[in-house]
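Take a look at the structure set out below.
The values are calculated or read from the model by the stated rules, or taken from the named source; none is laboratory data. Computed from a prediction, not measured in an experiment: that's the story for all the values here. Reconstructed Cβ throughout: ideal geometry from the backbone, glycine too, with neighbour counts over all protein chains shown. Ligands, DNA and RNA are stripped out before the accessible areas are found, and what is left, the full protein with its side chains, is counted by its heavy atoms. Shrake-Rupley method; radii C 1.70, N 1.55, O 1.52, S 1.80 Å.
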Amino acid sequence: MTVTEERVRRPPTRGTTDRRSPRKRGALQRAVGRNLTAYGFLCGALICFALFSWYPMFREIVLSFQQNNFVDPGRWVGFDNFRTVIADPAFAAAWLNTAAFSGLALVIGYAVPFVLAVVLNELKHAKAYLRFVVYLPVMLPPAVAVLLFKWFYDPGAGLFNQALDAVHLPPLSWLDSTSTALVSLVIVSTWMNLGTGTLIYLAALQSIPGELYESAELDGAGLFKRVRHVTIPQTKLILLVMLLLQIVATMQVFIEPYLLTGGGPENATVTVAYLMYQYAFNFGDFGGGSALGLMLMIVLMVFSAIYLRVSREAER
């Protein structure tokens, strides 16, 4: 037998095994400890998601095919709930109003935060104070902010009509007219969510290398040209992501029509989420409300899938 074969066949000495095994055991224990801690935190999040997100979604799917009042046992009715909801005259109005609200929110609520972020980014002084002022509406409870605007829109002593009277313009029926009610809701929603979008855009703007702006200034570019040729190209991914998030959020609008208009006047502000609430809690038709919710969920899932794809592209 050669010396090499003898070394291969010879088992490791006991002393070598004893020296290495405690290290391996210690590394294994540390790895298990780290993973157990991570899995513990992960289990808490999974339980919260399961109880408050996944289970309600599953129940909504089941209820959309049942006639159920939560007192008597549910009865399977197939697609009858969907037929009933679609035959409702308010169904088409709700989807049209939701689409119109999302469109107006994109025109107003999507552009205004970006413009504010650009202005704040150009300022040299009082940036921290102005960021706080811009974000202040987000810190208010939504119900408080909406009720504050309800006083602003009051046709008599409301702030907006008082301002119109001060410049000798006729007052408006902000919430009582079919031509202004939906726009009034968009203004409230924009004001409530203005701070979040502004700070996200501001963070994106501050990540742009300053050399790009310096080069543009040396070439004689003014503010608008710098925004067009530097700011927008450098933030196009975050702009697209915010666009998709804005669509998903505005299509779920509920608190504004619920507290300000009750879906009126003449169903001018009834939305899908508000109609879903009416079916479930005003009419006692939980199956119809769930059917509406399932339709809305499918639409939102399409935009969410687009958002996830865009986010992956941004990470690459």
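Each residue of the stretch 66-80 in turn: what ³J(HN,Hα) in whole Hz from Karplus with 6.51, -1.76, 1.60 and θ = phi - 60°, glycine and Pro shown as x?
Rounded to whole hertz, the list is 10, 9, 9, 10, 6, 10, 8, x, x, 10, 6, 10, x, 9, 4.
Looking at Q278, A38, T190, which one has the Cα that reaches farthest to the positive end of the dipole of the chain (charges on Cβ: Lys, Arg +1; Asp, Glu -1)?
A38
Quick one: among S64, S53, S184, which has the greatest mean-square fluctuation in a GNM of the chain with alpha-carbon springs under 10 angstrom?
Greatest mean-square fluctuation among the candidates belongs to S53.
How big is the Kirkwood radius of the stretch 169-316, worked out from every pair of different alpha carbons and given in Å to one decimal?
18.5 Å
Measure off, as a whole percent, the carbon and sulfur share of the 1.4 Å-probe accessible area of the chain, all protein chains present. It would help to have the intermediate numbers written out before the result.
Details: 12870 of 19710 Å².
After summing per-atom areas, the C and S share lands at 65 percent.
Considering the values [x] 127; [y] 295; [z] 250, which represents volume of the Cα convex hull per residue in Å³ as calculated for the structure under consideration?
Of the labelled values, this structure produces [y].
May I ask you to list the residues of the stretch 104-133 whose amide nitrogen lies under 17 Å from a point 7 Å from Cα along the Cα→beta-carbon direction of L239?
Residues 106-122 fall inside that zone.
Which ³J(HN,Hα) values, rounded to whole Hz and listed in residue order, are derived for the stretch 89-105 from phi using the Karplus coefficients 6.51, -1.76 and 1.60 in 6.51 cos²θ - 1.76 cosθ + 1.60 with θ = phi - 60°, glycine and proline given as x?
x, 6, 5, 5, 4, 5, 5, 5, 5, 5, 5, 5, 4, 5, x, 5, 5
For the stretch 64-108, what ratio Rg/Rh do Cα atoms give with a Kirkwood hydrodynamic radius?
The Rg/Rh ratio comes out at 1.23.
Report, in degrees rounded to the nearest 10, the 0 to 90 angle that the Cα long axis of helix 142-152 makes with the longest principal axis of the chain.
Computed tilt is about 20 degrees.
Over the stretch 193-316, with the other protein chains present, what is the accessible area per residue in square angstrom, probe 1.4 angstrom?
53 Å²
Collect residues whose amide H, placed 1.01 Å from N in the peptide plane, falls under 5 Å from the amide H of Q66; neighbours closer than 5 in sequence don't count.
HN-HN under 5 Å from Q66: V77.
Can you classify the stretch 100-270 as rounded, prolate or oblate using the Cα gyration tensor, where a ≥ b ≥ c are the square roots of its eigenvalues, rounded means a/c under 1.5, and otherwise it's prolate if a/b beats b/c and oblate if not?
Note, shape of the stretch 100-270 comes out prolate.
At 0.36 nm per residue, minus the direct Cα-Cα distance, what do L308 and S177 gain on full extension? Give it in nm, one decimal, please.
43.3 nm
With +1 assigned to the C-beta of every Lys and Arg and -1 to the C-beta of every Asp and Glu, and no other charges, what is the dipole magnitude of the stretch 100-270 about the Cα centre in debye, to the nearest 20?
On the way: 8 positive and 10 negative charges, 72 e Å.
It works out to roughly 340 debye.
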